[in-house]
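Written below as structure tokens is the structure these notes are about.
The values are calculated or read from the model by the stated rules, or taken from the named source; none is laboratory data. Computed from a predicted model, the values in this text were never measured in an experiment. Every residue, glycine among them, receives a Cβ derived from its backbone with ideal geometry; neighbour counts consider all protein chains shown. Accessible surface areas use protein heavy atoms only, side chains included; no ligands, DNA or RNA. Shrake-Rupley method; radii C 1.70, N 1.55, O 1.52, S 1.80 Å.
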Amino acid sequence: MKKVDVVLGLQWGDEGKGKVVDVLTPNYNVIARFQGGPNAGHSLHFGGDKFVLHTVPSGIFRDGAVNIIGNGVVIDPVILADEIAQIEAKGVDVVSRLTISKRAHLILPTHRVLDAASEAAKGKTKIGSTLKGIGPAYMDKTGRNGLRVGDILLPDFMERYEQLKTKHLFQLRQYDYVYDIDNYEKEWFAGIEQLRRFRFVDSEMVVNGYIADDVSILAEGAQGSLLDIDFGTYPYVTSSNTLCAGVCTGLGVAPTRIGNVYGIFKAYCTRVGSGPFPTELFDSTGECLRQVGNEFGATTGRPRRCGWLDLVALKYAVTMNGVTDLIMMKSDVLNDFDTIKVAVGYEVNGERIDYFPYESDADITPIYREFEGWNCDICNVRNYDDFPQQFKDYVAFIEQETGVSVKIISVGPDREETIVR
Ligand code: GDP
Ligand code: IMO
Ligand code: MG
């Protein structure tokens, strides 16, 4: 029996999961998303083009790969239909390549309004959500009120929709929030019609059938480990399990069937939205990372907060996911730094700790170790041996601290700008 390999982010999202999945897809028959929804923005660069995927797995552009949207995902039909239209415009036969779990939940127009109203009401303590309705949709899932993709095929789908919408309108009365969903609702039902072109499947049966038949599967994570609903920087997190455990519940894969876990991290660190970020830089160095790394959100366009690599957080994420292989992204962004810093511990209330504290508002001072920068352009390097010694020292230190080897290194956004060791 084949095992399911996993690609997931080890930081606060946007590590480069889309690129890595696209690069690895030729080694797999099936690519499956297991959680999250259109809060994700996964960028792919090839042949001079750029695509940003939100709900569709990042294997969609490769011939022969089956792409599955798993039961753990939440779907906004407007965003998914728009995404599919853009991919089809490139000549890709999406209908033959994409299947959707009947158990995936739908994001209603009123979920988006509830997200926005809740954020507005929170004021300064807002999560900084992507406003895609993710939190409210997952709340209805766990509250056992949600609408699922399979429900689209039921004769009373409209009544179910109206019932849930009525509940939301009632909930919205608690907020002093002005909204108008009429246009979005029209687009939403048009999106539902578009989805009817696709195969709605019991994806857990399909996935386990593939496992039994030795078909290779890659599970694609969204967001990052530090945004996990249980183990992230709560409450500044997303509403799903972004960790490897999410593959089991979000696709129906037994824990014993998990294979390699590819943990992706940037050579530095970013975060978009509110919440703790111990190594965040507020100076010109942070601005330099943002500009050189083009750190602006793929989904919302918001500037990403930038800072040094945080090994305390990275080690936590490696442990929680059982990472077997590390993948370091955006190494080229550090090309022009004389000194590169890495957090190896935290100081909280005068005490040194080496774990992420429970208190999300703790006053954390990172303890840094400094490295000499390589100060040269590594974008054209294609063999590990050709990297400058300073770069190799940086990688070796990360491997030593995490106990996991860095198997892939990315030196640019394009498919080709990738070194596999
Ligand atoms: P994801 O959400 O994890 O898929 O990541 P995003 O697509 O949101 O953000 C990663 C950004 O970095 C995208 O714009 C990618 O095109 C870009 N990118 C990925 N790998 C590299 C790299 O090695 N170097 C540079 N400079 N950019 C990269
Ligand atoms: P990808 O898959 C980065 C962040 C939001 C916010 C918090 C909650 O592209 O890495 P939500 O809309 O989920 O309720 O927002 O999570 N967030 C992400 N940050 N990358 C993402 O996805 C994210 N998805 C959600 O900014 O802080
Ligand atoms: Mg992203």
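Count, please, the residues in region 130-144 that happen to be in a loop (DSSP other than H, G, I, E, B) and either of a type outside the set (Gly, Ala, Ser) or open to solvent by 30 Å² or more (accessible area, probe 1.4 Å) (or both).
Final tally of qualifying residues: 5.
Just for region 1-15: of the residues that are of a type outside the set (Asp, Glu) and surrounded by fewer than 24 Cβ atoms within 10 Å (Cβ to Cβ), which one is farthest from ligand 2 (Cβ to nearest atom)?
Result: 1.
Of (1) within 9 Å of ligand 2 (Cβ to nearest atom); (2) of a type outside the set (A, V, I, L, M); (3) farther than 20 Å from residue 409 by Cβ; (4) buried (at least 24 other Cβ atoms within 10 Å of the Cβ), residue 41 satisfies all except one. Which?
Result: residue 41 passes all but (4).
Condition check ((1) within 22 Å of residue 1 (Cα to Cα); (2) among the small types (Gly, Ala, Ser); (3) touching a helix residue (DSSP H, G or I) at 6+ places or on another chain (Cβ under 7 Å); (4) open to solvent by 90 Å² or more (accessible area, probe 1.4 Å)) across all residues:
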site: 173; (1), (2), (3), (4): no, no, no, yes
site: 202; (1), (2), (3), (4): yes, no, no, no
site: 225; (1), (2), (3), (4): no, yes, yes, no
site: 228; (1), (2), (3), (4): no, no, no, no
site: 243; (1), (2), (3), (4): no, no, yes, no
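Being open to solvent by 50 Å² or more (accessible area, probe 1.4 Å), closer than 23 Å to residue 238 by Cβ and in a loop (DSSP other than H, G, I, E, B), is that true of even one residue in region 84-101?
For region 84-101, residues open to solvent by 50 Å² or more (accessible area, probe 1.4 Å), closer than 23 Å to residue 238 by Cβ and in a loop (DSSP other than H, G, I, E, B): absent.
Within region 222-245, can you find the residues that are in contact (Cβ under 8 Å) with a residue 40 or more places away in the chain and among the acidic types (Asp, Glu)?
Listed by number, the list holds a single entry, 228.
Which pairs do you get when a residue that is farther than 16 Å from residue 73 by Cβ, found in region 100-113, comes within reach of a residue that is among the hydrophobic types (A, V, I, L, M, F, W, C), reach meaning Cβ atoms under 7 angstrom, with the pair 6+ apart or on two chains?
109/181; 109/188; 110/169; 110/181; 112/131; 113/172; 113/181
Across region 204-223, which residue is most open to solvent (accessible area, probe 1.4 Å) among those that are more than 16 Å from ligand 2 (Cβ to nearest atom) and acidic (Asp, Glu)?
By that ranking, first place goes to 213.
With the checklist (1) closer than 24 Å to residue 358 by Cβ; (2) within 15 Å of ligand 1 (Cβ to nearest atom); (3) touching a Lys or Arg at 6+ places or on another chain (Cβ under 6 Å); (4) open to solvent by less than 20 Å² (accessible area, probe 1.4 Å) in hand, flag the one item residue 272 doesn't pass.
(4)
Just the residues that are touching a strand residue (DSSP E or B) at 6+ places or on another chain (Cβ under 6 Å), more than 10 Å from ligand 1 (Cβ to nearest atom) and outside any loop (DSSP other than H, G, I, E, B), please, taken from region 26-50.
Listed by number, the residues that qualify are 30, 31, 32, 33.
Would you be able to say whether some residue in region 245-252 is open to solvent by less than 10 Å² (accessible area, probe 1.4 Å), touching a helix residue (DSSP H, G or I) at 6+ places or on another chain (Cβ under 7 Å) and either within 16 Å of ligand 1 (Cβ to nearest atom) or of a type in the set (Asp, Glu) (or both)?
no
Exactly one condition in (1) open to solvent by 40 Å² or more (accessible area, probe 1.4 Å); (2) modelled with pLDDT of 95 or more; (3) away from ligand 3 (no atom under 16 Å from the Cβ) is false for residue 330; which is it?
Exception for residue 330: condition (3).
Could you list, in sequence order, the residues of region 343-371 that are in a loop (DSSP other than H, G, I, E, B) and either within 28 Å of the chain's Cα centre (by Cα) or hydrophobic (A, V, I, L, M, F, W, C) (or both)?
Within region 343-371, 354, 355, 356, 357, 358, 359, 360, 361, 362, 363 meet the criteria.
Take region 280-324 and flag every residue that is under 25 Å from residue 377 (Cα atoms), more than 16 Å from ligand 1 (Cβ to nearest atom), open to solvent by less than 10 Å² (accessible area, probe 1.4 Å) and part of a helix (DSSP H, G or I).
286, 311
Is there a residue being free of Cβ contacts under 8 Å to residues at least 12 places away in the same chain, open to solvent by 40 Å² or more (accessible area, probe 1.4 Å) and not in a helix (DSSP H, G or I) anywhere in region 51-60?
no
Which condition breaks for residue 12 when tested against (1) more than 14 Å from ligand 1 (Cβ to nearest atom); (2) of a type outside the set (D, E, K, R); (3) in contact (Cβ under 8 Å) with a residue 24 or more places away in the chain; (4) more than 11 Å from residue 221 (Cα to Cα)?
Failed condition: (1).
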